[in-house]
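Here is the structure we will look at, set down as structure tokens.
The values are calculated or read from the model by the stated rules, or taken from the named source; none is laboratory data. Only a predicted model underlies this, so the values are computations on that prediction, with no experimental measurement involved. Please note: Cβ atoms are built from the backbone with ideal geometry, for glycine as well, and neighbour counts cover all protein chains shown. For the accessible areas, the whole protein counts, side chains as well, though only heavy atoms, and no ligand, DNA or RNA atoms are used. Shrake-Rupley method; radii C 1.70, N 1.55, O 1.52, S 1.80 Å.
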Amino acid sequence: MHNSVMDPGGSGEELVVALEQLVRYVRQVSTAGGLSSAASSVLGRLGREGPQRLTELARAEGVSQPGMTQLVTRMERDGLLRRIASTDDRRGVLVEATDAGADVVRERRAERAVALRELMERLDPQERSAVVIALPALARLIQAEASK
């Protein structure tokens, strides 16, 4: 399919472009729920990490607290999220995905999986193997960075 090899000692610009294209493609193929990128990201995070305080969610998503409050209010109105009392702090409120929100997350992941599987099938076996090894390795590094 693509015979050029990225220079391992290079600037990494080719890898950045490839990742940007992959992210854009994945966003375009996942349409379940008709969500914005921000709403999809919040719903995905809550699905992966569980309920969070609004302030933690805003910080993790890189948006202002008022902006996150507006997004959560819209998503709550759409039945995708709900606010619940914190078990640790009686005054605290957490945001969690509803069953409907979790369904949308599953549908979007399924759409992405189908699209990526179709792309992977078009790669030659060596390229496919490289992707299967490289992407989980990058994901582990990202997770480790996020845990610091």
Could you count how many residues in the stretch 58-83 are more than 16 Å from Ala102 (Cα to Cα) and among the hydrophobic types (A, V, I, L, M, F, W, C)?
5
Which members of the stretch 12-39 meet the condition of being among the polar types (S, T, N, Q) and open to solvent by less than 30 Å² (accessible area, probe 1.4 Å)?
Ser30
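Filter the stretch 96-108 for residues that are surrounded by 15 or more Cβ atoms within 10 Å (Cβ to Cβ) and part of a helix (DSSP H, G or I) and give the result. First the steps, then the outcome.
Residues of the stretch 96-108 surrounded by 15 or more Cβ atoms within 10 Å (Cβ to Cβ): 96-98, 101-102, 104-105, 108.
Gly101, Ala102, Val104, Val105, Arg108, listed by residue number.
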Just to be sure before I move on: is Val42 open to solvent by less than 70 Å² (accessible area, probe 1.4 Å) and not in a loop (DSSP other than H, G, I, E, B) in the structure I sent?
yes
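Do we find that Asp124 is modelled with pLDDT of 90 or more, surrounded by 13 or more Cβ atoms within 10 Å (Cβ to Cβ) and farther than 20 Å from Leu19 by Cβ in this structure? Show your work before the answer.
On the way: modelled with pLDDT of 90 or more: yes; surrounded by 13 or more Cβ atoms within 10 Å (Cβ to Cβ): no; farther than 20 Å from Leu19 by Cβ: yes.
So Asp124 fails the test.
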Among Glu76, Glu56, which is part of a helix (DSSP H, G or I), open to solvent by 60 Å² or more (accessible area, probe 1.4 Å), at pLDDT 95 or above and farther than 30 Å from Val131 by Cα?
Glu76
Can you run down the residue pairs with Cβ atoms below 6 Å, 6 or more apart or on separate chains, where the first is in the stretch 133-145 and free of Cβ contacts under 8 Å to residues at least 40 places away in the same chain and the partner is exposed (fewer than 10 other Cβ atoms within 10 Å of the Cβ)?
none
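So which residues in the stretch 78-92 are without any contact (Cβ under 8 Å) to a residue 40 or more places away in the chain and under 20 Å from Arg108 (Cα atoms), if there are any at all? Spell out how you get there, then give the answer.
We begin by selecting, within the stretch 78-92, every residue without any contact (Cβ under 8 Å) to a residue 40 or more places away in the chain; these are 78-79, 81-92.
Correct list: Asp78, Gly79, Leu81, Arg82.
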Any residue that is in contact with a helix residue (DSSP H, G or I) (Cβ under 8 Å, 6 or more places away or on another chain), without any contact (Cβ under 8 Å) to a residue 24 or more places away in the chain and among the charged types (D, E, K, R) - is there at least one of those in the stretch 55-73?
yes
